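For reference, the structure discussed in these notes is given below.
Just so it is clear, none of the values below were taken in a lab; they were calculated from the coordinates. Because the structure is predicted, anything quoted here is derived from the model rather than measured. All Cβ positions, even for glycine, are placed from backbone atoms using ideal geometry, and neighbour counts span all protein chains on display.
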Amino acid sequence: MLKQFFSYYRPYKKLFYLDFGCAILAATLELAFPVVVNRVINRLLPSGNWSLIVIVSLLLLLLYMVNTVLQYIVVYFGHTLGVNIETDMRRELYSHLQKQPFGYYDNKKTGKLMARLTTDLFEISEVAHHGPEDIFITLITLIGAFGIMLTIHVKLAIATFIMIPFIMIALIIFNKKMTHVNIEIFRNLGNFNAGIEASVSGIREVQAFANEKYEAGRFEMLNQTYRKSKILFYKMMGISSSYNYFLIRLINLFALFFGAFYTIRGEINYGEFVAFILLANIFVRPIEKVNTMIESYPKGIAGFKRFREELGKKPSIQDKLDAKDLPPVEGTIQYKNVSFWYDSTNKVLERIDLSITQGETIAFVGPSGAGKTTICNLLPRFYEINEGEILIDGINIQDVTMQSLRKQIGIVQQDVFLFPGSLRENIRYGKLDASEEEITEVVRLAHLEQVVLDMPEGLDTIIGERGVKLSGGQKQRVSIARMFLKNPAILILDEATSALDTETEQAIQGSLNSLSAGRTTLIIAHRLATIKHATRIVVVNETGIAEEGSHKELMALDGTYRRLYEAQFLN
């Protein structure tokens, strides 16, 4: 794990050496003060040479000014190093999350992922900055101070040093325990964030059902769980800091007691005694950092473990090593003996065979859970088939890069996702470099002109989180507009109008018909009235494809489709 951790320092070697070098130099210069005091008391004071004392004081002032600059470098550039590493880790984690397929997110809570992108990485950043620096400064200060102490009086130095092993043992024990506690804290924080995210995102539902009390109860449960884990952490920290405080004060007491003893015996002089007391204070200063280390290091270690654990989850769907870009397609699609399951005990699709020619409009109908959406989601490889193959223009979709595949497939869903920002930004999402002329044209094609005119700032109107300021029909038109910009060869309409009222549906249907013209189109529909124009209707049930044909053919067949149709229109 250490090797993995230090690999993130490589791009910032110069910054690390600057921070690390200045920190060590500052710690070394700090050791000069007791030595100077020793010389002043033993040599300069008895001589009465005031001019020399002034010169030495000025030299000490210069030393402190240099150390002040060094402290600035350590704090500023050290934290810059930590932030840079944190940024790199966040970029790597975000890139990793972007590569994960739909199945990964089916089992994840957004709040937990947010915690890993924010809180975990902040704690890692702190350790990245302070970790090596604190450890080496502690060692250098301890060794340096102890070495100077030995030059003053060996027995006194050993008597002072005797507490160090007990402090080191405490550091190891408490660090392990608090790392374990922090892993639990991060887990609880993830659940807490996930609960908050769900409650805030669903506030309209909460208020509509008057379930504020119920949500407050759920929040309190999450809040208390997180509180208990934090209290356990601070309990461990309290025991650790108290233990270390007592041992550190014993070091000062030993230095004073034995120093006075050896001074009275004449084994050391007053200057050496004062210097030794000052050295003891410098000696214990890095030890006092142990408490800070025990508080922050376990957080960083726990965060890094979770970070590496997340990165270790390789995407279940990846490009082949020799995958090529999919060339511009015409839109012929073939499903050959395709089977798919989420787990081996429950097959969703089994041995599906389906051929779709360029420009056809294929409608999938059938009961919920039969696999209509799954058939369409397999085409852009949102999920990976378990058996068989899917071909576009005769090319196996597993032989091409996912990015080039998905660029040629457009999806309009019932639940349209819009980003916080302006209407223009959401439309342009279909083609990020679209010109104003192109945006104006797709607004017209999607019948959005009146919507734009009614907006207070036109296309620059901020539409709120998830497009909350727009109606369902307006959201659909924005989705259709950006799909016009994308201009894909293959189009998937996933129940795109099923949640709309009849009047709005008819208006949207006109836009969808314009969008579908000349493209191979797959439609998932519950409202059978919207698919009469389809070239072919494919009826999907638990056994697979039950029937296929035009509306007239399937009605004449007097099978599943006819029963579905009559259930909608004759009851």
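Rounded to two decimals, what ratio of Rg to Rh does the stretch 2-311 give with C-alpha atoms and a Kirkwood Rh?
Working: Rg = 25.5 Å, Rh = 22.8 Å.
Reported Rg/Rh (Cα atoms, Kirkwood Rh): 1.12.
Please report, largest first and rounded to whole Å, the three semi-axes of the ellipsoid equivalent to the stretch 1-48, where each semi-axis is the square root of five times an eigenvalue of the C-alpha gyration tensor. Before the final figure, lay out each step's value.
Details: eigenvalues 356, 20, 3 Å².
Each semi-axis is √(5λ); the values are 42, 10, 4 Å.
Is it possible to state the helix-based mean residue ellipticity at 222 nm for the chain, with each DSSP H run of 4+ residues giving -39500 (n - 2.57), the sum divided by total residues, to the nearest 500 deg cm²/dmol? What is it?
Working: 21 runs with 356 residues, N = 571.
The helix contribution divided over the chain gives -21000 deg cm²/dmol.
Dipole of the stretch 2-311, Cα-centred, from +1 at each Lys and Arg C-beta and -1 at each Asp and Glu C-beta, to the nearest 20 debye? Present the calculation step by step, with values, prior to reporting the outcome.
On the way: 32 positive and 23 negative charges, 95 e Å.
For this selection, approximately 460 debye.
Among the listed pairs 109/431; 407/532; 177/305, give every one whose C-alpha distance is greater than 21 Å.
Working: 109/431 29 Å; 407/532 29 Å; 177/305 15 Å.
Result: 109/431; 407/532 exceed 21 Å.
Work out the FRET efficiency for residue 384 and residue 54 from their Cβ-Cβ distance, taking R0 = 56 Å, and round it to the nearest 0.05. Before the final figure, lay out the partial values.
Numbers: r = 80 Å, r/R0 = 1.43.
My answer for the efficiency is 0.10.
Measure nothing fancy, just the Cα-based angle from helix 560-569's long axis to the longest principal axis of the chain, in degrees from 0 to 90, nearest 10.
90
Can you tell me the orientation of helix 270-311 relative to the chain, as the angle in degrees between its alpha-carbon axis and the longest Cα principal axis, to the nearest 10?
For 270-311 against the chain, the angle is about 10 degrees.
With a point put 7 Å past each Cα toward its Cβ, work out how far residue 45 is from residue 556 in nm, to one decimal.
Distance between label points: 11.7 nm.
For residue 166 and residue 114, calculate 0.36 nm times their separation in residues minus their Cα-Cα distance, and state this gained length in nm to one decimal. Let's see the in-between values first.
Details: separation 52, 0.36 × 52 = 18.72 nm, distance 3.97 nm.
Answer, rounded to one decimal: 14.7 nm.
Ratio of alpha-carbon Rg to the 2.2 N^0.38 Å globular estimate for the chain, to two decimals, please.
Working: Rg = 35.1 Å, N = 571, 2.2 N^0.38 = 24.5 Å.
After normalising by residue count via 2.2 N^0.38 Å, the value is 1.43.
What full-extension length gain, to one decimal in nm, is calculated for residue 437 and residue 563 as 0.36 nm per residue of separation minus the Cα-Cα distance?
Working: separation 126, 0.36 × 126 = 45.36 nm, distance 4.76 nm.
Result for the pair: 40.6 nm of gain on full extension.
So between residue 25 and residue 92, what do we pick up on full extension, going 0.36 nm a residue minus the alpha carbon distance? Before the final figure, lay out the partial values.
Details: separation 67, 0.36 × 67 = 24.12 nm, distance 3.38 nm.
Between residue 25 and residue 92, full extension yields 20.7 nm more.
Give the lysines whose C-alpha is closer than 23 Å to that of residue 347, dropping any in the same chain fewer than 8 places away, or say none.
108, 336, 372
Would you mind estimating how fast the stretch 220-266 diffuses translationally, via Stokes-Einstein at 20 °C and 1.002 mPa s with the Kirkwood radius over Cα pairs, in µm²/s?
In µm²/s, the coefficient rounds to 158.
Assign one of three labels to the stretch 384-474, namely rounded, prolate or oblate, based on the Cα gyration tensor with a ≥ b ≥ c the square roots of its eigenvalues; rounded applies when a/c is under 1.5, prolate when it is not and a/b is larger than b/c, and oblate otherwise. Walk me through the numbers on the way to the answer.
Numbers: a/c = 2.89, a/b = 2.19, b/c = 1.32.
The shape class here is prolate.
Need one number for the stretch 333-569: average projected area of the convex hull over its C-alpha atoms, nm².
Details: hull surface 53.6 nm².
For the stretch 333-569, the mean projected area of the Cα convex hull comes to 13.4 nm².
Nearest 10 degrees, 0 to 90: what angle lies between the long axis of helix 13-30 and the longest principal axis of the chain (Cα atoms)?
20
What GluC sites (Glu not before Pro) in the stretch 537-571 are in a loop by DSSP, with at most 15 other Cβ atoms within 10 Å of the Cβ? Write down the numbers at each step before the final one.
On the way: sites: 542, 547, 548, 553, 566; in loops: 542.
For GluC sites (Glu not before Pro) across the stretch 537-571 that sit outside H, G, I, E and B with at most 15 neighbouring Cβ atoms in 10 Å, the list reads 542.
So for the chain, averaging the separation of alpha carbon pairs under 8 Å that are six or more residues apart and normalising by length, what relative contact order in percent results? Display every interim value, and only then the final one.
On the way: 787 pairs, mean separation 81.1, N = 571.
Across the chain, relative contact order equals 14 percent.
Would you mind calculating the relative contact order of the stretch 333-569 from Cα pairs under 8 angstrom and at least 6 residues apart, reporting the percent as a whole number?
Values: 419 pairs, mean separation 63.8, N = 237.
Reported relative contact order: 27 percent.
Out of all Cα-Cα pairs in the stretch 64-145, roughly what percent, to the nearest whole number, are more than 21 Å apart? Each step should come with its number before you reach the end.
On the way: 1603 of 3321 pairs.
Looking at the stretch 64-145, the distances longer than 21 Å represent 48 percent of pairs.
Give me the net charge for the shell around residue 24: Cβ to Cβ below 13 angstrom, other residues only, Lys and Arg +1, Asp and Glu -1.
Working: positive: none; negative: 19, 30, 133, 134.
That sum, taken over residues with Cβ under 13 Å, equals -4.
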